[in-house]
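Structure, as structure tokens:
All of the numbers you see were taken from the coordinates with simple rules; none came from a lab. Just so you know, these numbers come straight off a predicted model, no measurement behind them. In this analysis, Cβ positions are derived from the backbone assuming ideal geometry, glycine residues included, and neighbour counts consider all displayed protein chains.
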Amino acid sequence: MLILVLQLIIIFILTRISTNNLFKTGYLLLKGESRIFTLISFIYLPGTIIHEIAHYLMATVLFLKVKHVSILPKKHNNLILLGSVEYEKKDPVRGFIVGIAPIISGIFFIWLIFWLRIFPSNNLLINILCIYGIFTISSTMFSSSQDLQDGLMILIMGITLAMVFWIINIDIYPLLKGILTLSAKLSFLVVVNYYLFITIAIHLGIIILLKGVRYFLQK
């Protein structure tokens, strides 16, 4: 579980770095923001669709009215937002659950690729499509800044609850130990971790390649 969390953090950071490198390099080659947005949107489209569907379905299940859904990219605060779902905000708990829905769905789809035994395959095309799917899904399953704010509220509530347990002398260590022990026994996490490493490797390759291309273009 700890390895999974660490890899998700790394992918979160690398995705933003590689996407911004793609924007900068694309600007030098394509000479226009609209073309770059179209290119980035196309590259991440499968993951963006799954991401926004996860938000939409979870908001609907939790009885939060969805106002607007978009899978088109836009630039915001020097970051490229690939899509968005605007829904009715009522409380941080449901907001947090809606926020993490793409992570849950992303991990599920990555595990599904393994469960269906379609990757790795003897067919090169299938392998390429699976790697592309793993890359786009895992690169687009992270929450927005608003979702992170809801998560911060949940974290504060959790810390407060832990302090209450400590004050009234309730030991929660056995519960936490049990959760970590159970997660270590879940074999699907090993597969997910392995597949997420592929995404990390691809992002690193993209960053190195694009920096090299910009270096030669700017010489």
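Determine, from the Cβ-Cβ distance of Ile208 and Ile13 and an R0 of 22 Å, the FRET efficiency 1/(1 + (r/R0)^6), rounded to the nearest 0.05.
Using R0 = 22 Å, I get an efficiency of 0.90.
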If each of Ile3 and Tyr27 carries a label point 7 Å out from its Cα toward its Cβ, how far apart are those two points in nm? 3.9 nm
Inter-site label distance for Leu189 and Leu217 at 7 Å from Cα along Cβ, in nm: 4.2 nm
Which residues qualify? For Tyr87, with a placed amide H closer than 5 Å and at least 5 residues away or on another chain, they are Lys67
